[in-house]
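Input: a single structure, listed below in structure tokens.
The values are calculated or read from the model by the stated rules, or taken from the named source; none is laboratory data. Keep in mind the model is a prediction, meaning the values are calculated, not measured. So basically every Cβ, Gly included, is an ideal-geometry build from the backbone, and we count neighbours across all protein chains shown.
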Amino acid sequence: MHHFSYRDGRLFAEEIPLEEIAREVGTPFYCYSYATLERHYQAFEASLGNVPHLICFSVKSNSNLAVLNVFLKQGAGLDVVSGGELFRALKAGADPRKIVFAGVGKTVREMEEALRAEILLFNVESEQELLALDRVAGQGGMKAPVALRVNPDINPQTHPYISTGLKQNKFGIPFDTSLEVYRQAKELKYIEPIGVHCHIGSQILEIQPFVDTLGRIKELVQRLREESIAIQYLDLGGGLGIAYEDEAAPAPSDYVDALLQELGGLDCTLIFEPGRVLVGNAGILVTRVLYMKRGPEKNFIVVDAGMNDCIRPSLYGAYQAVWPAVQREGEKITGDVVGPICESGDFLAKDRLLPPLEPGDLVAVMSAGAYGFTMASNYNSRPRPPEVLVRGAEQWVVRRRETYEDIVQGESVPEPLSGADPVP
Ligand SMILES: *Cc1c(COP(=O)(O)O)cnc(C)c1O
């Protein structure tokens, strides 16, 4: 469910026609719907009711400060995976006591920053990381609150690139050795093991893998408590999928209900780290048709956004719907929607049946709110697009379009090399 819809054949973001936003900011641009963000968060929140819980929005799915602010205003915490994301989280005004920090490669500097901020939980992914954190915390005279990220070896039935809870994945500590690592953690002077963390993957469309994971984790928590390791937090990660095409995505309330049932009477504060399910369908990428190329074997609709702006189709073969900004009658065309990047893998959509389009028309690449702008790059020296937040009839540019100067910022030619001598 989202608030991008047609009125009299024109596509609106809440109360504003996309054409109007394009006139002001140019193309391409990302557009987010405030009402959709809020609604998705509330759906999650409402289904948790009085259960002690914290929803930590996954910053990597959409890191814009204004988007973070929408969730923070609803009482959210944040899930970060780098020092840069921690910086953003704090800059957006997050309460550090609601920040959790995951990632397989945390550096000493990142640990120091997070300890200084006094975050809620370090989600530790290996034995060596645990020892490093103990050292860093000791140097600062602090105790690090820790959950071990346990790898439950459960197949989430999603794209291999976004499966994270299998034995062959780099994430977490194998389930079978986790008890041993917890015992070790308990003995470390500057570590306080207070939680269990897991995150099995992304765009997961079945509830069962989450329930199976919780089943395994629950056993572990009971074992830990028997050994006086006082687990207070159960961080169940994110990963709930959304409908990009016609998939049947579970409702957050069904997901939460199934987990609460599996949890039984286990007394813990639950942490969730949803990303995609909160922002995915709350954002679109709006791009303009440059050329219609009718090839001998294929038609190409060349648009002004490319894989540098939205890489999901190229990277994962992901499907994202393409909607015209203005609905038009006439003969439909089948073709690939492609960008200007010099790569054959640069496409936003493949073999799509689309309404008649002409150069100058706007189209919206739907479901682009998660892993859209955050994965954008400057490849081909293309300035990254602006991000626009719409609430009702109001719109704000929450990140301006980059300039050519932005692109070369920080680069320099070393002085000894900068002379005008011709290369011999
Ligand atoms: C990426 C990630 C998430 C969010 O995943 P979604 O599929 O977007 O919900 C949550 N937790 C961790 C540790 C992650 O790496």
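Just a few scattered comments:
- Residues of segment 219-266 that are small (G, A, S), surrounded by 14 or more Cβ atoms within 10 Å (Cβ to Cβ) and not in a loop (DSSP other than H, G, I, E, B): A258 alone.
- Within segment 154-175, the set of residues being under 24 Å from Q128 (Cβ atoms) and either more than 14 Å from the ligand (Cβ to nearest atom) or not aliphatic (A, V, I, L, M) (or both) comprises S163, T164, G165, L166, K167, Q168, N169, K170, F171, G172, P174, F175.
- In segment 354-371, the residues that are within 16 Å of the ligand (Cβ to nearest atom) reach residues that are assigned to a strand (DSSP E or B) and not small (G, A, S) with C-beta atoms within less than 7 angstrom, at least six apart or across chains, in these pairs: A368/Y30; A368/I284; A368/L285; G369/Y32.
- Residues in segment 132-158 that are in a helix (DSSP H, G or I) and either surrounded by 15 or more Cβ atoms within 10 Å (Cβ to Cβ) or of a type in the set (G, A, S) (or both): A132, L133, D134, V136, A137, G138.
- From the list S58, S33, the lone residue that is among the hydroxyl-bearing types (S, T, Y) and under 14 Å from the mean Cα position of the chain (by Cα) is S58.
- Restricting attention to segment 98-119, the residues that are under 21 Å from the mean Cα position of the chain (by Cα), over 15 Å from F87 (Cα atoms) and of a type in the set (A, V, I, L, M, F, W, C) total 1.
- Just one of the listed residues (D254, D246) is free of Cβ contacts under 8 Å to residues at least 40 places away in the same chain and among the acidic types (D, E), and it is D246.
- Close pairs from segment 204-229: first more than 30 Å from P160 (Cβ to Cβ) and in the same structural domain as P193 (by TED's automatic domain parsing), partner away from the ligand (no atom under 16 Å from the Cβ) and part of a loop (DSSP other than H, G, I, E, B), Cβ under 6 Å, at least 6 apart: L224/I231
- Index of the failed condition, N169 passing every other in (1) more than 27 Å from P96 (Cβ to Cβ); (2) free of Cβ contacts under 8 Å to residues at least 40 places away in the same chain; (3) assigned to a helix (DSSP H, G or I): (3)
- Residues that are buried (at least 18 other Cβ atoms within 10 Å of the Cβ) and within 15 Å of I200 (Cβ to Cβ) within segment 172-188 comprise G172, I173, F175, S178, listed in sequence order.
- For segment 289-304, the tally of residues that are in a loop (DSSP other than H, G, I, E, B) and aromatic (F, W, Y) stands at 0.
- From the list V100, V108, V81, V124, the one residue that fits, being within 16 Å of the ligand (Cβ to nearest atom) and surrounded by fewer than 24 Cβ atoms within 10 Å (Cβ to Cβ), is V81.
- Unique match (being in contact with an Asp or Glu (Cβ under 8 Å, 6 or more places away or on another chain) and not polar (S, T, N, Q)) among F71, F44, F57: F57
- Flag if M111 is of a type outside the set (D, E) and modelled with pLDDT under 95: no
- D267 meets the conditions (1) modelled with pLDDT of 95 or more; (2) assigned by TED's automatic domain parsing to the domain that holds L166 in every case but one. The failed one is (1).
- Test result for L266, closer than 30 Å to D79 by Cα and within 16 Å of the ligand (Cβ to nearest atom): no
- Hits in segment 8-54 - residues which are basic (K, R) and assigned by TED's automatic domain parsing to the domain that holds I231: R39
- Those residues of segment 375-423 which are of a type outside the set (V, I, T), in a helix (DSSP H, G or I) and either surrounded by fewer than 16 Cβ atoms within 10 Å (Cβ to Cβ) or on the phi > 0 side of the Ramachandran plot (or both), in sequence order: Y379, N380, S381, Y404, E405, D406, E415, P416, L417
- G201 vs. criteria more than 23 Å from the chain's Cα centre (by Cα) and modelled with pLDDT under 95: no
- Once segment 208-231 is narrowed to residues that are within 26 Å of the chain's Cα centre (by Cα) and not β-branched (V, I, T), the residue that is farthest from the ligand (Cβ to nearest atom) is G215.
- Filtering segment 189-213 to residues that are buried (at least 23 other Cβ atoms within 10 Å of the Cβ) and of a type outside the set (V, I, T) leaves P193, G195, H197, C198, H199, G201, S202, Q203, F210.
- Flag if S126 is in the same structural domain as T213 (by TED's automatic domain parsing), among the hydroxyl-bearing types (S, T, Y) and either more than 21 Å from E187 (Cβ to Cβ) or touching a Leu at 6+ places or on another chain (Cβ under 7 Å) (or both): no
So that you can scan it fast, the table gives a plain yes or no per residue for (1) in contact with a Lys or Arg (Cβ under 7 Å, 6 or more places away or on another chain); (2) closer than 21 Å to G339 by Cα:
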site: S367; (1), (2): no, yes
site: Y371; (1), (2): yes, yes
site: S381; (1), (2): no, yes
site: A393; (1), (2): no, no
site: D406; (1), (2): no, no
site: P416; (1), (2): no, no
